[in-house]
Each structure stands twice: as structure tokens, then as C-alpha cells.
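K.L.:
Below: one structure in C-alpha cells.
The values are calculated or read from the model by the stated rules, or taken from the named source; none is laboratory data. What you are looking at is a predicted structure, and each value in this text was computed from that prediction instead of being measured. Cβ placement follows ideal geometry from the backbone for every residue including glycine, while neighbour counts extend to all protein chains displayed.
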Amino acid sequence: MNVPVKPPGNDDLKDEYQPMAEKIRSGEYFEESRQIYDVLVHDPMAERYFYILITGIAALIFIIAVVAMRSLYPLNTPVPFIFETADIVEDLPHMRTLQLVKGEDPSESVLRFIVGNYVTLREEYNIGTFDRNISGVTNQSTEDVATEYRQAIDPRNPESPITLYQRHSIRKIAILSDKRLLDQDFGMEMVFEATVSGKGEIKKSRWQANVAFQYSGVTLDKATGEVKALSFVVTKYQTKRLQDAR
């Protein structure tokens with residue numbers, strides 16, 4: 001004989017399971033399970049994305065700060081100015097060969113340029129660039145030649161360009177010719193024209209400069225194939241006036 005089995009009720013459950021059964025029937029158990037899932041899964045993911053967002057914002061702020069700091073330098077901001085020219089080909093900087101004759105020894109071409117530059121630095125005068133010229137002449141001269149040069153430009157010397165031209169005149173130099181002096185005390189002869197402009201007049205004169213020097217020449221390092229550093233120093237310098245030009 002089959003006896004029907006009655007589903008267990010609250011009375012048939014152990015006392016320790018009754019609170020759980022009540023939560024299941026009321027749905028409270030599933031709500032707590034969802035909350036626990038949120039805490040264990042959803043909250044860490046949300047925090048991870050939040051931290052990624054904060055890191056991205058911090059990186060963006062850092063980049064903006066670096067760009068802003070770089071924009072502050074140099075502190076002396078160059079001021080653009082308008083420059084008008086009638087011959088853009090000649091006035092714009094461009095490269096020219098130092099060789100006057102094809103096949104000329106490169107050492108001789110460089111030497112002619114260096115000596116011409118030395119004469120220009122020594123003989124030109126412009127109050128705005130005079131300190132630079134003094135530094136260039138001193139660095140390329142022996143101590144005796146540098147001392148002689150400093151005495152020549154001393155304002156107490158009546159023939160000093162500082163005394164003669166001060167701020168009212170400018171002396172420009174144009175190299176006219178050069179000649180090697182291999183059998184004499186001097187190594188090169190430079191003929192140049194000096195133009196003094198100021199006080200509403202222009203005066204021109206022609207001069208000859210004899211320069212003795214020590215020059216290493218252009219040499220290649222056989223091991224690396226690179227050009228070795230040049231060495232040039234003036235050991236003696238003399239000038240004489242040839243004529244006054246009109």
C-alpha cells in the first residue's frame with residue numbers, strides 16, 4: 001500500500017536551515033548573491049577602468065606640462081623683422097667652393113680662406129661686432145701677436161680704430177688678391193681695400209697685409225678616413241698702406 005509523501009515544510013527542516021529557506025522564498029537570498037557578485041566581480045572591473053582613466057588623464061596633463069615648459073625656452077625669444085632685397089639670389093646664404101682653380105690643392109684653398117678671414121676680422125671695425133672680432137683674432141694668434149694686436153686697438157693709442165671710428169663710422173674690408181710667399185719670412189700676402197663710411201662721407205684705401213703662420217693643412221686619418229682637425233695660428237703680422245682710392 002502506497003502512502004503519499006508530504007513535501008517537507010518548515011516544520012520538517014532543521015532549525016538551522018529555516019532562515020535560509022525563508023530568504024530563498026522571499027528572494028532575499030538572490031539579492032544578496034547579486035550584491036556579493038557585484039563586490040567580487042563588477043566592482044574590481046569598474047575600479048580598474050577608473051584607474052586607467054585617471055592614469056590617462058594624468059599622462060595627458062604631464063604631456064601638456066612638458067610642452068608648456070618647452071615653449072618657455074629659449075627665454076630670449078627671437079623677434080622677426082622684415083628684410084627687403086632687390087637680388088634674392090645674391091643676398092640669401094648659399095654655398096660656394098673655396099677652390100679658385102679646378103684641381104687646386106684643398107689645403108691651399110682652405111688656407112687662403114682662413115688667412116682672408118683673419119685679415120678681415122683684424123682690419124674691419126664695427127662697434128656692434130668688435131668684441132667678436134677681437135676674440136677671433138686672439139684665438140688665432142700667438143701670444144706675442146695677440147699682445148701686439150691688443151696694444152694696437154687700445155683706446156689710448158691714437159691710431160686705434162676705437163679712437164678713430166668710435167660709434168660714428170664703420171670700416172669694411174674687401175680682399176682683392178692673395179699670393180703665397182714661400183721663400184720669405186711671411187707665408188702669404190693679402191691685398192685688400194678698406195672702406196670707411198661715416199659722418200656723411202666714404203673714404204677708401206688700399207692696403208697690403210703680410211701674414212706668417214703655422215698651418216697643419218688638410219690631412220686624412222688613414223685609420224678612419226676622416227679629416228683631422230685643422231691647426232692654424234698667426235706668428236707674425238704686418239700691414240702697409242699702398243694708396244688712397246677714390
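Quick grid of which residues meet (1) part of a strand (DSSP E or B); (2) in the same structural domain as Tyr118 (by TED's automatic domain parsing); (3) surrounded by 15 or more Cβ atoms within 10 Å (Cβ to Cβ):
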site: Arg132; (1), (2), (3): no, yes, no
site: Gln151; (1), (2), (3): no, yes, no
site: Asp154; (1), (2), (3): no, yes, no
site: Thr163; (1), (2), (3): no, yes, no
site: Lys172; (1), (2), (3): yes, yes, yes
site: Asp178; (1), (2), (3): yes, yes, yes
site: Gln214; (1), (2), (3): yes, yes, no
site: Gly225; (1), (2), (3): no, yes, no
site: Thr235; (1), (2), (3): yes, yes, yes
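K.L.:
Could I ask something else about it? Tell me whether the range 110-128 contains one or more residues that are more than 27 Å from the chain's Cα centre (by Cα), modelled with pLDDT of 95 or more and exposed (fewer than 15 other Cβ atoms within 10 Å of the Cβ).
P.N.:
no
K.L.:
Among the listed residues Leu121, Leu111, Leu100, which satisfies the condition of being under 21 Å from Asp178 (Cα atoms) and outside the structural domain of Gln166 (by TED's automatic domain parsing)?
P.N.:
Checking each option against the conditions leaves just Leu100.
K.L.:
Please determine whether any residue of the range 191-206 is hydrophobic (A, V, I, L, M, F, W, C), touching a residue at least 40 places away in the same chain (Cβ under 8 Å) and outside any strand (DSSP E or B).
P.N.:
No, that holds for no residue.
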